[in-house]
Amino acid sequence: MMILTLPAFLAIARFDGEGAGRGYIVKVGDRAPDFEIRYEDGTTKNLSDLRGKVVMLQFTASWCSVCIREMPHIESDIWQKYKDRDDFALVGVAYKEDFDKIRVLVTKTKITYPVVPDKSGESFQKYAEKDAGVTRNVIVDRDGKIIFQTRLFDQREFNAMKKIIDKELNK
């Protein structure tokens, strides 16, 4: 019989990817709900247009202190490493915000990856409960299926996400 210490149990539960108790309404293995991505230059795409790429969706907001703390890590550890790959896309999705607020957020965090508005919150609400916290990352494989989800910013979970991205890109 295997006995887990509380920290080991919490680590397994935290990284289950199922979203249980974390406000997600989607889970690992689900097809990522489609939504429109509208870039500041006027270009629009649907998430489904990114099939064939590993996609990282980062749900964020300018008022979210945890998001602001996480964004420089996403910039340095993920975006700078993979931004030149044709098979990777990273999209920040700013919950209930417009481009004016996004510009302030980008300046404050010094990030260079794209952040798009989700003015109505509709895109976020395809992934999480309406009143759930916004600090979330969803990793989508080349076939459009969710392969990993995070909530808040925990360095161990962030490191696990980096490994998942790396593994998926090296398949």
Open item on the list: Being over 16 Å from residue 128 (Cα atoms) and modelled with pLDDT under 95 is the filter here; which residues of region 142-155 pass it?
Closed with: 153, 154, 155
TODO: Return the residue satisfying two criteria in turn: it lies in region 142-171 and is under 13 Å from the mean Cα position of the chain (by Cα) and of a type in the set (Lys, Arg), and of such residues it is surrounded by the fewest Cβ atoms within 10 Å (Cβ to Cβ).
DONE: 162
Task: Within region 61-101, tally of residues that are of a type in the set (Val, Ile, Thr) and touching a Ser or Thr at 6+ places or on another chain (Cβ under 7 Å) - done: 3
Task: Conditions (1) buried (at least 16 other Cβ atoms within 10 Å of the Cβ); (2) of a type in the set (Asp, Glu); (3) assigned to a helix (DSSP H, G or I); number of the one not met by residue 97 - done: (3)
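The values are calculated or read from the model by the stated rules, or taken from the named source; none is laboratory data. All of these numbers come straight from a predicted model, not from anything done at the bench. Using ideal geometry, Cβ is built from the backbone for each residue, glycine included, and neighbour counts are taken over all protein chains shown.
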